[in-house]
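Peer 1: Pasting a structure here, questions to come.
The values are calculated or read from the model by the stated rules, or taken from the named source; none is laboratory data. Keep in mind that what you see is a predicted model, and the values were worked out from it rather than measured. Cβ placement follows ideal geometry from the backbone for every residue including glycine, while neighbour counts extend to all protein chains displayed.
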Amino acid sequence: MRTAVGLGVLGLGAVALAFWGLMSAPPSDAPAPDPMAGLLAQEAPGRPGLAPGWSLDLPADHGAHPDAPSELWHLSAHLEGPDGVPLGVQFNLARLALAAPADPGATPDWMARDLFRGHVILADPARGVMAEERLARAMAGVAGADGDGLRLDGWSLRFAPEAWVLEAGTGDTQIALTLTPARPALAADAEGAPFHGYAFTRMTAQGHLRNGGAELPVRGTAWFEHAWGALPIPGGGAAVVSDRLQLQLDDGTDLSLVRSRRADGGGRATLEGFAIDAAGDVRAIDPETAQVAVTQHWDGAGRRWPVGWSVTLDGLALEVTPVIDAQAHDFMAPLWSGLVRAEGRRDGQPVQGHATLTLDAEGLE
């Protein structure tokens, strides 16, 4: 296990806060905030919160942490079929504590006090983008999370000792992947931070994509992360929102970049994050020298999305472009999230790879 330090912690923390649009303020022209916001507990009364002196304990920490008011799991896979065509897979799950009832005495003891919200995204240049969002109260066999795995209404990610297994999909398209960590877990453990978490930034992935009666073998890499604590909830009115790039290069580098900006569109965006080199060494991104410039927009779903980035940092220069332009999703918290390719040079040598880019809808016109 490795522990993220300095800005590396901040980068992983911003990941936790940015995912799911949980930092998003409701659009100014929206008739109401996220309809779930009123159901959720801001501070989870009756739950003791995060215990001091935490250290990562796997597989137990894969599961839910009921003392925390909110929790996020995210898996993204960058795959290829036999013909070399790139494929993107995302599986996301959030556990959100429900607000206490006005009359606790009238509430049965067995009533679930957590809501699980998840989505699956499949990006296939041949078939387009397929996505689905699901909601369920915590219930045995339906929605839940423990050290053995995650479950939501037929979707699952199982944490077996030898390898993990993802089974998910939407409609007639289903994905089954076997995942094996290729690097130790990176723990985010900053003193005083309102969350705990960890990431496996590189995993090997192989399996198959089924569509109707056809089955396509796929293989590639994946990225998994999990955070829990006092994470913002939908409709919370945050003034700052974040865009996120999870990048895996063919030279063994893993890169997490979080671009934070004001929800009202003003000011200048800031950068934070971390990089892990082929040897496994973790380095914080220097926000004074790292640069991200928007090079391409896609107009769709009522917004102008910054889907192309030029990234420069520490001898690395990359052009990031979408594999498919139309990867916006009309979830409860709208976002653009999908597969992108990266090409460029590190110290004069060519590098390339694939990534997952997630853009928050707020502040975009």
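Peer 1: Within segment 256-281, can you find the residues that are buried (at least 19 other Cβ atoms within 10 Å of the Cβ) and not aromatic (Phe, Trp, Tyr)?
Peer 2: Of everything in segment 256-281, those that are buried (at least 19 other Cβ atoms within 10 Å of the Cβ) and not aromatic (Phe, Trp, Tyr) turn out to be Ser256, Leu257, Val258, Arg259, Ser260, Arg261, Ala263, Leu271, Glu272, Gly273, Ala275, Ile276.
Peer 1: Quick check on my filter: what residues within segment 241-257 are over 19 Å from Val89 (Cα atoms) and among the charged types (D, E, K, R)?
Peer 2: Asp251
Peer 1: Out of all the residues in segment 151-161, is one or more in contact with a helix residue (DSSP H, G or I) (Cβ under 7 Å, 6 or more places away or on another chain) and at pLDDT below 90?
Peer 2: No, segment 151-161 contains no residue that is in contact with a helix residue (DSSP H, G or I) (Cβ under 7 Å, 6 or more places away or on another chain) and at pLDDT below 90.
Peer 1: What pairs come out if I take residues in segment 124-150 that are free of Cβ contacts under 8 Å to residues at least 60 places away in the same chain and pair them with residues that are of a type in the set (Val, Ile, Thr) and part of a loop (DSSP other than H, G, I, E, B) whose C-beta lies under 9 Å away, six or more apart or interchain?
Peer 2: Filtered contacts from segment 124-150: Ala126/Val85; Ala136/Val142.
Peer 1: Any idea which of Glu162, Glu167 is charged (D, E, K, R), more than 22 Å from Met130 (Cβ to Cβ) and either out of contact with any Asp or Glu (no Cβ under 9 Å at 6 or more places or on another chain) or in contact (Cβ under 8 Å) with a residue 24 or more places away in the chain (or both)?
Peer 2: Glu162
Peer 1: Can you pull out every residue in segment 261-300 that is more than 22 Å from Trp336 (Cα to Cα) and of a type in the set (Ser, Thr, Tyr)?
Peer 2: The one that is more than 22 Å from Trp336 (Cα to Cα) and of a type in the set (Ser, Thr, Tyr): Thr289.
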